[in-house]
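Just below is one structure, and these are the notes that go with it.
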Amino acid sequence: MEQTFPAVVSRRAMKHLLGGMIVSASVLLVSPLVGVAHASPDTTTSTFTTITSSANPVVTGIQFTVMGTECDRVANVHPTGKLIFKDVTSKKALGKAALTPDPTYENCSDASVTDTEALAAGNYTIKAHYKPGGAVRVHKSPAATYVQTVTAPS
């Protein structure tokens, strides 16, 4: 079942060529998060973290990728630092990954890790939190979580 969550707000600079002149504008993009594996961002802060997975649900023993995004609602910068991923249910660290610039949004950066826990059937809360670092540190945002469902093979 597909669900739509609250919108992610992002800025993206756009340049258009008009009669030989380059016209530059900053556009506010509002796009809903669609899918079953997304977590909705906190809309009360100037920065936010989102988290999703490559597949939800997955079958027991199948690896999946956990992906996170860190965005700044105020500045058009690609945040630097790391996202730290944890399986809150099993209390296992999934890893940390350096943020890289998001190719679509000029104020977001992405990181991902592969979950290799070989989870038993059940529901697992997965969390990502931002650790500022590097050249473009943005305000620390609240952690983001989602529930990963693991099913037994049929």
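Below are the figures for this structure:
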item	result
Residue check, Ala120 of a type in the set (A, V, I, L, M, F, W, C), in a loop (DSSP other than H, G, I, E, B) and within 26 Å of Ala152 (Cα to Cα)	yes
Residue under evaluation Ser141, criteria (1) at pLDDT below 95; (2) surrounded by fewer than 16 Cβ atoms within 10 Å (Cβ to Cβ); (3) of a type in the set (Gly, Ala, Ser), criterion not met	(2)
Number of positions in the stretch 135-154 that are of a type outside the set (S, T, N, Q) and touching a Lys or Arg at 6+ places or on another chain (Cβ under 9 Å)	4
Lone unmet requirement of (1) modelled with pLDDT of 95 or more; (2) part of a strand (DSSP E or B); (3) surrounded by fewer than 18 Cβ atoms within 10 Å (Cβ to Cβ) for Thr49	(3)
Qualifying residue in the stretch 105-119 (condition: of a type in the set (A, V, I, L, M), crowded, with 18+ Cβ neighbours inside 10 Å and modelled with pLDDT under 95)	yes
Thr69, sole failed condition from (1) within 17 Å of Arg137 (Cβ to Cβ); (2) of a type in the set (Ser, Thr, Tyr); (3) surrounded by fewer than 19 Cβ atoms within 10 Å (Cβ to Cβ)	(3)
Complete set of residues in the stretch 122-135 that are loosely packed, with under 13 Cβ neighbours inside 10 Å and at pLDDT 95 or above	Asn123
Segments classed as strands (runs of 3 or more DSSP E), wholly inside the stretch 55-107, with at least 2 members that are closer than 19 Å to Lys131 by Cα and over 12 Å from the mean Cα position of the chain (by Cα)	81-87, 92-98
Residues within the stretch 134-154 that are more than 15 Å from the chain's Cα centre (by Cα) and either in a strand (DSSP E or B) or at positive phi (or both), tallied	4
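The values are calculated or read from the model by the stated rules, or taken from the named source; none is laboratory data. Small disclaimer: the values here were computed from a predicted structure and weren't measured. Methodologically, a virtual Cβ is constructed for each residue, glycine included, from the backbone with ideal geometry; neighbour enumeration extends over all protein chains shown.
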